[in-house]
Structures are given as C-alpha cells and as structure tokens.
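Some notes on the structure that comes next.
The values are calculated or read from the model by the stated rules, or taken from the named source; none is laboratory data. From a predicted model like this one, the values you see are computed outputs, not experimental measurements. Using ideal geometry, Cβ is built from the backbone for each residue, glycine included, and neighbour counts are taken over all protein chains shown. Ligands, DNA and RNA are stripped out before the accessible areas are found, and what is left, the full protein with its side chains, is counted by its heavy atoms. Shrake-Rupley method; radii C 1.70, N 1.55, O 1.52, S 1.80 Å.
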Amino acid sequence: MRINDDRLKNNFEALSQIGATTEGGVHRPTFSPAHLEARAWFRERSESAGLDFQIDNAGNHSAVMLCANSDAPTLLLGSHLDSVPNGGRFDGAIGVLSAFEVLLTIKDEGIKLPFHLEAIDFTDEEGTLHGLLGSEALTGILKSEDLISPRGGREQFLSGLAEAGLTEEGLFSAQRSPISLAGYLEVHIEQGNRLTNAQADIGIVTSIVGINSCTLTFIGRADHAGTTPMDERLDASLGASAFTLAARKLVMRDFPDCVVNVGAMDFEPGAFNIVPAGVDLSLEFRAPDDGTFEHLKISLLALAEAEAHRYGLSLKAKFLGKHEPAPLDPDIQEVFKQAAESLDVKAISLASFAGHDAQSLARVCPAGMIFIPSVGGSSHSPREFTEWDDCVNGANVLLQAALNLVNSYLSIQD
Ligand code: HGY
Ligand code: MN
Ligand code: MN
C-alpha cells in the first residue's frame, strides 16, 4: 500500500501558498493571520474529506478517524503548522500533511482500525510564544510557572492566546491521560545534512536535545560617545560581544555535542552617540542529556559573569523556559526501521539537534520520529528545501509504520 502522492503534493502546494514569502518560504508565526489561515485550511480539507475534526483547549488542531471501540487509545501522527519568522515551507508542514495523507489513505483502503487515528497540528512548536506549547499542554508537561516569562514575552503570549480564542487556564485542561495515547509518530525534515552525507533516505531519530533560553542583561553606564575617554567607559556592548565570541569558543572546545546561539541583542538606550548602558542578549543553548545540559548552563553563566567583570559591568540572567532532552522509544524506532526496509529505502539512526513535539510526547507514550533529507542542510530560512521523492518516502514510511502498529495491535487482540 502507498500514499496518494499527487494528493499529498496538491495539499503541500496549496498550504505553501498560505503565508508565502517572496523568497519561497513561509511566514506563519503562531497565531499570526497566516497561521490561523493555515489551520482553517487544514480543518476545511479534513472535513471535506469526511474526517472528524477537533480543537482542544491548547489550540491543537486534529483530523480524527475513530475506530469502533470508543474506549480504544489514539495513535497520534503529526507535527506543526506554525513557522519561525520568514522560515521555510517544509518545517512542520510536511509532517502534518504526511500524517493527514496517512489518514486519507487508510480511509480510502477501508482498513479496520484497532485504535483511533489522529493527524495533529500542535500549537506553537517554534516558540513564538513559549515553544512546544501545544504538545506540552497535551502531555501535562506544561507548568504555570513556565508561562510567567515565556520566551516570546508575557504580553505577546496573552495576546496570542486571545487571538486564537484560548485562555491560559484552558491550556491546562488539554492534558490527555497517557493510557489514552497508543503512541506518537512524526515525520520532519532533518534541518541538517547528515542524511545527505550518508546518502540515506530516512533518519530514524534516537533522541532529541534539550533546549534552554535565557536573557542575559549586561549593565554599564550611558555616557557621551564623543567626550567620554575610551578607558573610562562602562560600555555594555563590550561585555555582550566578548561573551558571544567566548561562548562559541567554550562550546566548540569543551561541549562538542552541544550548540549555543545568540539570536538577538537589544541595546539601551540605542543611539549612535550614547555609550550603551545596557544590552539584552537572547541566549539559547542545547545539549543531548541532562548532565551535560546543567554543566553547560553553569559554564555559560560563569563566562558571562567573567566577561561582565572584565569590562566593569554588572549582569542579570533571566531563564525563559527549558525543554528537557528526550530519548525516543526503541520499539518505535524498530517499527520505523522495519517500515523503511519493507519499502527498500535506506535508513540510518541519528540524534536530533532540533527540538520537536516528539520530545514532549516521549515523556508519556511510545514516541518516535523520522527525518527526511534537507537539501544543503538549510532550514529556518526560505532556502529550506526537500526533494519531492524524499517527501513521498517519508509519508510512505509513516504509513507503513502506522500499519505495522495496526497489525501488532490486532495480533495482541486476537
Ligand atoms: O528550534 C528548533 O529546534 C525547532 O525547529 N523548533
Ligand atoms: Mn519543526
Ligand atoms: Mn523549526
């Protein structure tokens, strides 16, 4: 059995028009008009295909195929329709559409399901508001303290929820019991070039990195940029810049399995002729396991203190939310491996340095994910691209993995 690749392509091309940018990507940050339009499009396509549709109190959108037994658990397939600002058209979208295509194919074939099947689009995977918001709400990981200072800012968080007709309190009622979940499968672009380098078609993901976000504020003193002698300045930009370079050097030297990123710097007061009094630096760092994660956090904070001290500055650090690293289910990895073999596509195993909703689901049910190749390793940019044959491979491996789980469930019931 194979998916209907023309139908998948038509859906992908239609969705790619929503929030399309002139450089060939999409701009669909969470709850932006384009994101809300993409979700409405998904609902319309699902309902016109005769599928049930549901939206939970975290705004997660799902096409649903119920099985005969109302007490049965649900196998979730999915990803996310929100994007980073000016991002690519494949990140998340190809996973939601592959999941949707699996439901449509199973419906076309009239397969008797032993569990409910759901194609889900999780809210705010990318972190415009918080990151993994919908999947953390659904799995009960989300805590109210996580939302006191979400990385997108409290104001944007609340206005975004209001835009979508959601409430902060409501998020916590989206939680599902772990026994109601048979498992979670996700297809996603690799967003790197290891599959290409290995000449592999499919990546079977073994684990997903933890991600921590933090605002570091370097505090100096505003002075006249002309009359203040260079050696008397308390210039906040020096501490922020020195830290950025030193953090890269530290991670490359001492934390080879980790990454660090300074995604933004905001200068205060921010004028040509004023020595910067303060710099807010947006720091994100990622590590494959808890122990390394904690060691990296301590090392980066110590480095920031040292660079602030070197330039006579003071430092404040505000942590904005952490997503734990997650190993993925070995049995589900085996299900994907057998699915790839049965389709004669070459699969390798690899860890994910990108965060994904699967790392939330992995905390409560058997979860797994596969990658499909990213041309040139590009992502989070309009340059993001995946060959269509690879997209079809991903959807077919997802279909085959879901059918393998159907068969193993039916054999247990017999
Ligand atoms: O940032 C990430 O790792 C993912 O694309 N949300
Ligand atoms: Mn993604
Ligand atoms: Mn992404």
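If the requirement is being of a type outside the set (Val, Ile, Thr), within 20 Å of residue 139 (Cα to Cα), out of contact with any Ser or Thr (no Cβ under 6 Å at 6 or more places or on another chain) and more than 16 Å from ligand 3 (Cβ to nearest atom), which of these qualifies: 72, 58? Walk me through it before giving the result.
Working: 58 fails: out of contact with any Ser or Thr (no Cβ under 6 Å at 6 or more places or on another chain).
Testing whether each residue is of a type outside the set (Val, Ile, Thr), within 20 Å of residue 139 (Cα to Cα), out of contact with any Ser or Thr (no Cβ under 6 Å at 6 or more places or on another chain) and more than 16 Å from ligand 3 (Cβ to nearest atom) leaves just 72.
The residues of the stretch 220-249 that are surrounded by fewer than 19 Cβ atoms within 10 Å (Cβ to Cβ) and touching a Leu at 6+ places or on another chain (Cβ under 6 Å), listed by number, are 221, 246.
A quick yes/no check of all residues on (1) among the β-branched types (Val, Ile, Thr); (2) away from ligand 2 (no atom under 16 Å from the Cβ):
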position: 91; (1), (2): no, no
position: 97; (1), (2): no, no
position: 110; (1), (2): no, yes
position: 128; (1), (2): yes, no
position: 139; (1), (2): yes, yes
position: 142; (1), (2): no, yes
position: 158; (1), (2): no, yes
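Quick test for you: out of 343, 303, 350, 313, pick the one residue that is hydrophobic (A, V, I, L, M, F, W, C) and surrounded by 22 or more Cβ atoms within 10 Å (Cβ to Cβ). Please lay out each step first, then the result.
Values: 343 fails: surrounded by 22 or more Cβ atoms within 10 Å (Cβ to Cβ); 303 fails: surrounded by 22 or more Cβ atoms within 10 Å (Cβ to Cβ); 350 fails: surrounded by 22 or more Cβ atoms within 10 Å (Cβ to Cβ).
Every option except 313 fails the conditions.
Can we say residue 43 is within 16 Å of ligand 3 (Cβ to nearest atom), open to solvent by 50 Å² or more (accessible area, probe 1.4 Å) and on the phi < 0 side of the Ramachandran plot? Spell out how you get there, then give the answer.
Details: within 16 Å of ligand 3 (Cβ to nearest atom): no; open to solvent by 50 Å² or more (accessible area, probe 1.4 Å): yes; on the phi < 0 side of the Ramachandran plot: yes.
For residue 43, the condition - within 16 Å of ligand 3 (Cβ to nearest atom), open to solvent by 50 Å² or more (accessible area, probe 1.4 Å) and on the phi < 0 side of the Ramachandran plot - is not met.
Under the condition of being more than 16 Å from ligand 3 (Cβ to nearest atom) and crowded, with 19+ Cβ neighbours inside 10 Å, the residues counted in the stretch 374-391 number 2. Scanning the stretch 126-145 for residues that are open to solvent by less than 10 Å² (accessible area, probe 1.4 Å) and in contact with a Pro (Cβ under 7 Å, 6 or more places away or on another chain) yields 129, 130.
Where helices (runs of 4 or more DSSP H) fall entirely within the stretch 154-230, those with at least 1 residues that are under 27 Å from residue 61 (Cβ atoms) and in contact (Cβ under 8 Å) with a residue 12 or more places away in the chain are at 154-163, 168-171. Being within 16 Å of ligand 1 (Cβ to nearest atom) and not in a loop (DSSP other than H, G, I, E, B) holds for only one residue in 94, 106, and it is 94.
Scan the stretch 163-175 residue by residue and report those that are closer than 12 Å to residue 138 by Cα and open to solvent by less than 50 Å² (accessible area, probe 1.4 Å). Talk me through it step by step, then tell me what you get.
Of all residues in the stretch 163-175, those closer than 12 Å to residue 138 by Cα come to 170-175.
Correct list: 170, 171, 174.
Does residue 123 fit the bill of being open to solvent by less than 10 Å² (accessible area, probe 1.4 Å) and either within 16 Å of ligand 1 (Cβ to nearest atom) or under 27 Å from residue 354 (Cβ atoms) (or both)? Yes; evaluated as a whole, the condition is true for this residue. The condition (being surrounded by fewer than 17 Cβ atoms within 10 Å (Cβ to Cβ), β-branched (Val, Ile, Thr) and touching a residue at least 12 places away in the same chain (Cβ under 8 Å)) is satisfied by just one residue among 274, 298: 274.
Being of a type in the set (Ser, Thr, Tyr), farther than 18 Å from residue 358 by Cβ and assigned to a loop (DSSP other than H, G, I, E, B), is that true of even one residue in the stretch 27-38? Before the answer, list the steps.
First pass over the stretch 27-38, keeping only residues of a type in the set (Ser, Thr, Tyr): 30, 32.
Retained after the next criterion (residues that are farther than 18 Å from residue 358 by Cβ): 30, 32.
Okay, now just the ones that are also assigned to a loop (DSSP other than H, G, I, E, B), so 30, 32.
Yes, the stretch 27-38 contains at least one residue that is of a type in the set (Ser, Thr, Tyr), farther than 18 Å from residue 358 by Cβ and assigned to a loop (DSSP other than H, G, I, E, B).
Residues to consider are 374, 342, 349; find the one that is within 16 Å of ligand 2 (Cβ to nearest atom) and at negative phi. Just one listed residue meets the conditions, 374. Scanning the stretch 137-153 for residues that are outside any loop (DSSP other than H, G, I, E, B) and of a type in the set (Gly, Ala, Ser) gives 137, 144.
Of the residues making up the stretch 271-294, none is away from ligand 1 (no atom under 16 Å from the Cβ) and of a type in the set (Lys, Arg). Any idea which residue in the stretch 250-271 is least open to solvent (accessible area, probe 1.4 Å), counting only those that are of a type in the set (Asp, Glu) and assigned to a strand (DSSP E or B)? Residue satisfying both the conditions and the ranking: 266. Of all residues in the stretch 63-91, those that are buried (at least 24 other Cβ atoms within 10 Å of the Cβ) and part of a strand (DSSP E or B) total 7.
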